[in-house]
Amino acid sequence: MNPQEQWIAFSTILVKEIRRFTRIWLQTLLPPAITIVLYFVIFGTLIGPRIGKMSGFSYIEFVVPGLIMMSVITNSYSNVVSSFFGTKFQRSVEELLVSPVPNYIILLGYVIGGVCRGLMVGLIVTLLSLFFTDLQVSHIPVTVAIVFLTAVLFALAGFINAVFANSFDDISIIPTFVLTPLTYLGGVFYSINMLPEFWQGVSKANPILYMVNTFRYGLLGITDINVAWAFSMVIGFCVALFIFSLYLLDRGNKLRN
Amino acid sequence: MTPALSIRNLHKVYDSGFVALKGIDLDVQQGDFFALLGPNGAGKSTTIGVICSLVKKTSGDVSIFGTDIDKDFSLAKKDIGVVPQEFNFNQFEKVFDIVRTQGGYFGLSSKLAEQRAEKYLKKLRLWDKRNQPSRTLSGGMKRRLMIARALVHEPKLLILDEPTAGVDIEIRRSMWQFLKEINASGTTIILTTHYLEEAESLCRNVAIIDRGLIVQNTSTKSLLRQLNKEVFILDTQEALAELPHMEGYQGQLIDNHSFEVEVEKHQSINALFASLSLHGVHVVSMRNKTNRLEELFVSLVESHSAAPVVQISQEGKQ
């Protein structure tokens, strides 16, 4: 395929993905908005004032960046895992496999589709947060870069999960037993400086901590970790997962006989 | 002329250890209407899967219009349209979107993909269903949808794996007519089917595959010439009390208005009718008891199952 045909194929996959999650917005866009509003009400407005300041900010100001990031992570992941597994399950993935679309275009199409949903939900959550607090942005490039890279990283992870999954149970195991605990323990609701030294060390092994803190740094200008190191790590993970995903597609793992 | 499809020494061993293909050789010429026949599990779908990249071959060479799939599969795939045996489209997508999207996967601009989707949905009488989710279509409509989808990029080679399975006779015949038109316009067609009447009426050349080997590869006409004996059913005007006398022919009475008769390859049907006329029997209609290709197919597969495996060379192809 020449570059123009590859662009058409990429935009076809991307538009199909965007149409999919906007067509079923009651399942994809509304639930995270409702969930996050409940977090804002309970942790921000009801419990927040009793907690007091956290790292110099009101509790609602402190948790908003973490909650935005949490919705970006879960939605970019779940979009790709459910969509790509769905195409495998219905065998409509064969439409792509028999076509001349290069594997990296297939991967990019699904990943950017997941990124679009993650960012769209992130935007909805950000707009909703304005009803509860004033939002400031201290470092715009850092904010934009980390939210985009995080969405890419989890969309790639969702793709890998979908390739290996054999049943619908398999696409909920990782989000339930890995993603959610890591997110909740990744500094969304607290600063790791509150933890004993040992648990601070353990927390630093959690990659989501770096993404949440870098995003919080972009918005509020505060962080528990080194931002440059966080970017290096996220970019490194993105590259590694992209290469691994391409390897799986080239080998045809669980896609071709 | 470069063959539309060339297969050399193709082997496929699945992870389970099952040997699906044991080194097949096959050429399909450009413009041909070619039947790939075989019993269930013979290797037809595996062969098609390898050609269109859904199955990874173990060894061997496959070329599409001279392009080796190992060297440039992307280029080779541009020339192939495939209609699989199982429905493999998104059940929630609309009919029009399924066809248009496939055009996008082949690099067609949005406008061209929409034009082609309209063209083929109209030709396959699905245009009035274009805004319906595909899951609401009947079985026959779903088959036609897969044909429209496979044609959207106007491939030079169309591969159909059991395209008329489960389709009623009226739709089947209209699909045959459509496929004849597509073939007449220059598209090479490879067809697998269990309806041997379909292969006999559509295909100029035929290969029979059994247990992973090609056991016959020739023109449909020369294959039919191998038939040593045909059984006809004759219906008579007057009621018959017993089987009419037919010198040199074997037969048996079916009911009081019809009987069947075996005609050997060396025997003449004219002589049969002469004999019947002589005895005052007036025949009003005549038909084959079974499809001729079906008789050959059964005898070839049965003899192959009984005999040691030997590949039969291509001969008499048109």
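Before moving on, here are some points about what is shown:
- Pair-distance profile P(r), taking every C-alpha pair of chain B, with 20 angstrom steps and integer %: 29, 49, 21, 2
- Compactness of the protein assembly as shown is given as radius of gyration and Dmax, 32.2, 117 Å, from Cα positions.
- Axis angle, to the nearest 10 degrees, between helix B:110-123 and the longest C-alpha principal axis of chain B: 20 degrees.
- Burial ordering of B:E260, B:E181, fewest other beta-carbon atoms within 10 Å first: B:E181, B:E260
- Residues listed by number, segment B:253-278, amide nitrogen under 18 Å from B:L240 label point at 7 Å toward C-beta: B:253-264, B:268-278
- Sequence-separation-based contact order of chain B, relative, with Cα cut under 8 Å and 6+ spacing, percent: 19 percent
- Dipole check for segment B:1-129: with +1 at the C-beta of Lys and Arg, -1 at the C-beta of Asp and Glu, and the Cα centre as origin, the magnitude is about 340 Debye.
- Segment B:104-174: relative contact order in percent, alpha carbon pairs under 8 Å with at least 6 residues between: 33 percent
- Each principal axis of the Cα cloud of segment B:36-153 was taken in turn, and the coordinate range along them, longest first, works out to 45, 35, 22 Å.
- Antiparallel DSSP beta bridges within chain B, percent to nearest 5: 70 percent
- Peptide A:7-13 - average C-beta neighbours from other chains (10 Å radius): 5
- Between B:E242, B:E162, B:E154, the residue with the greatest mean-square fluctuation in the GNM of chain B (Cα pairs under 10 Å linked by springs) is B:E242.
- Springs join every pair of Cα atoms under 10 Å in this Gaussian network model of chain B, and among B:E264, B:E230, B:E238 the largest mean-square fluctuation is at B:E238.
- Dipole axis of chain B (+1 Lys, Arg; -1 Asp, Glu on Cβ), positive-most option in B:A35, B:G23, B:Q102: B:Q102
- Highest mean first, the peptides A:159-168, B:266-275 sorted by other C-beta atoms within 10 Å per residue fall in the order A:159-168, B:266-275.
- Where the alpha-carbon atoms of segment A:122-257 are placed on the principal axes, they occupy 53, 36, 28 Å, in descending order.
- Candidate lysines for bridging to B:K12, where Cα separation is under 24 Å - those fewer than 8 sequence places away on the same chain excluded: A:K88, A:K254, B:K22, B:K44, B:K56, B:K57, B:K71, B:K77, B:K78
- Cα gyration tensor shape of segment A:126-202, rounded if a/c is under 1.5, else prolate or oblate by comparing a/b with b/c: oblate
- Cα-centred dipole magnitude for the protein assembly as shown, charges only on beta-carbon of K, R (+1) and D, E (-1), debye, nearest 20: 1740 debye
- Direction-averaged projected area, Cα convex hull, segment B:118-209: 6.2 nm², rounded to one decimal.
- Kyte-Doolittle at least 1.0, axis length at least 30 Å by Cα - qualifying DSSP helices, chain A: A:103-129, A:140-164, A:227-251
- Degrees separating the helix B:139-151 axis from the principal Cα axis of chain B, which is the longest one: 60 degrees
- Isotropically averaged projected area of segment B:171-285, using the convex hull of Cα atoms (one quarter of hull area), nm²: 10.2 nm²
- Here segment A:1-105 yields Rg over Rh of 1.19, to two decimals, using C-alpha coordinates and the Kirkwood radius.
- Gap separating the Cα centres of segment B:106-178 and segment A:53-97, nearest whole Å: 37 Å
- Long-range HN-HN contacts of B:I190 with modeled amide H, under 5 Å: B:F34, B:L158, B:I159, B:L160
- Antiparallel DSSP beta bridges within the protein assembly as shown, as percent of all bridges there, nearest 5: 70 percent
- Simple rule: put +1 on each Lys or Arg Cβ and -1 on each Asp or Glu Cβ in the protein assembly as shown, find the dipole, and look at A:S245, A:Q200, A:L255; the Cα lying farthest toward the positive end is A:Q200.
- Length-normalised contact order of chain A in % [C-alpha pairs under 8 Å, at least 6 apart]: 25 percent
- Restriction of the trypsin sites (Lys or Arg not before Pro) in segment B:208-278 to DSSP coil positions whose beta-carbon has at most 15 other beta-carbons within 10 angstrom yields B:K265.
- Counting only Cβ charges, +1 for Lys and Arg and -1 for Asp and Glu, the dipole size of segment A:26-146 around its Cα centre is about 180 debye.
- Loop trypsin sites (Lys or Arg not before Pro), segment A:1-94 (other Cβ atoms within 10 Å of the site Cβ: 10 or fewer; DSSP): A:K53
- In this label model, A:I24 and A:V137 are separated by 3.1 nm, measuring between points 7 Å along each Cα→Cβ vector.
- Most mobile listed residue (A:S99, A:S11, A:S71) in chain A, GNM with C-alpha springs under 10 Å: A:S99
Values quoted throughout were computed directly from the atomic coordinates according to the rules given, and no laboratory measurement underlies them. It should be emphasised that the depicted structure is a prediction, and the values quoted were computed from it without experimental measurement. Using ideal geometry, Cβ is built from the backbone for each residue, glycine included, and neighbour counts are taken over all protein chains shown.
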